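No value in this document is a laboratory result; all are computed from the given coordinates. Because the structure is a prediction, the values reported are computed rather than measured. Using ideal geometry, Cβ is built from the backbone for each residue, glycine included, and neighbour counts are taken over all protein chains shown.
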Amino acid sequence: MLTWSWKSRVGFTGQVLRNLVFMTVGSLLCAVAINGILVPHRFFGAGFTGMSLVIHYLAPSLPVAALYFILNVPLFALGWMYVGRRFFLYSIAGTLIFSGALACTHVSLPVYDKFLCALLAGIIMGTGSGIILRSLGSAGGLDILSVILFKRFSIRLGTSILAFNSFILAAGAILFSLEMALYTLIFLFGTSYMVNLVVTGLSQRKAVFIISPQWEEISQEIMEKIQRGVTIIGGRGGYTGREEHILYTVITFRELSRLKQLVSSIDPDAFVVVTETLEVMGHRIGSQPHW
């Protein structure tokens with residue numbers, strides 16, 4: 001019992017350190033994008049970061065880090081109510097880390113073309129935000145709302161972040177210039193894409209349907225060589241009227257090429273349909289982050 005308790009404490013400490021490292025690395029990358037590109041070029045940003053930047057441009061004496069922290073305070077209650085206590089505590093830590101990174105990280109990136117700046121900022125910011133969301137918490141702001149929407153309505157993180165930023169673009173275009181708003185739109189598309197890539201990335205699951213006379217052999221090979229479960233669905237050919245056996249399996253993106261080679265080696269004429277999944281929940285093949 002004592003040994004188990006010691007191991008549990010070590011595992012819990014390791015998990016906490018891992019999540020704090022994720023949040024720190026992600027926050028530093030986001031701070032590089034904000035202080036190194038967005039602020040010098042007077043671009044706007046995503047969510048509460050964008051709101052902080054707009055306020056900062058209107059009142060330069062107010063620092064972005066302090067504004068970001070103050071704007072996040074009301075969202076902590078939502079994180080507590082809709083996501084969970086653990087996510088809430090990690091989000092407080094993430095917000096403090098993110099605000100600290102904004103206050104302390106000041107870099108100058110040697111990129112001067114505004115289009116390339118917007119693209120680079122999106123890549124860096126999206127990567128940083130995705131790394132933060134790979135932890136069990138968030139850096140506050142729209143991360144909290146995005147996780148709530150993902151858990152309750154299965155709306156992708158990057159999609160919700162992009163949707164919530166439309167009013168930031170409108171405010172920026174009215175208060176500053178349409179050109180800056182358009183460059184910010186490029187930045188937001190880059191951020192949205194990178195968030196989805198980092199959070200799901202190569203772990204994106206694929207659902208595969210296979211119709212073949214050699215369905216028994218293919219099913220056995222999938223279970224033995226790829227070690228994925230297979231569901232056999234009964235069907236009937238609409239033209240031929242023959243009874244068919246449809247194999248259904250869910251695999252990772254990395255396993256897709258192996259599966260196609262395996263099916264082709266057994267039956268080159270097999271009918272195979274590969275579809276993307278939004279999320280998959282399960283012990284072995286699940287892809288949904290567990291916040």
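Which of the peptides 165-171, 205-211 is most tightly packed, and how do the rest follow, going by the mean number of other Cβ atoms within 10 Å of each residue?
On the way: 165-171: 16.3, 205-211: 19.1.
My ranking of the peptides, most packed first, is 205-211, 165-171.
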Cα gyration tensor shape for the range 204-276, rounded if a/c is under 1.5, else prolate or oblate: prolate
For peptides 42-48, 234-240, 190-196, 61-67, sequence by mean Cβ density within 10 Å, most packed first: 42-48, 190-196, 61-67, 234-240
J(HN,Hα) series, the range 42-55, from Karplus relation 6.51 cos²θ - 1.76 cosθ + 1.60, nearest Hz, glycine and proline x: 6, 7, 8, x, 9, x, 5, 5, x, 4, 5, 5, 4, 5
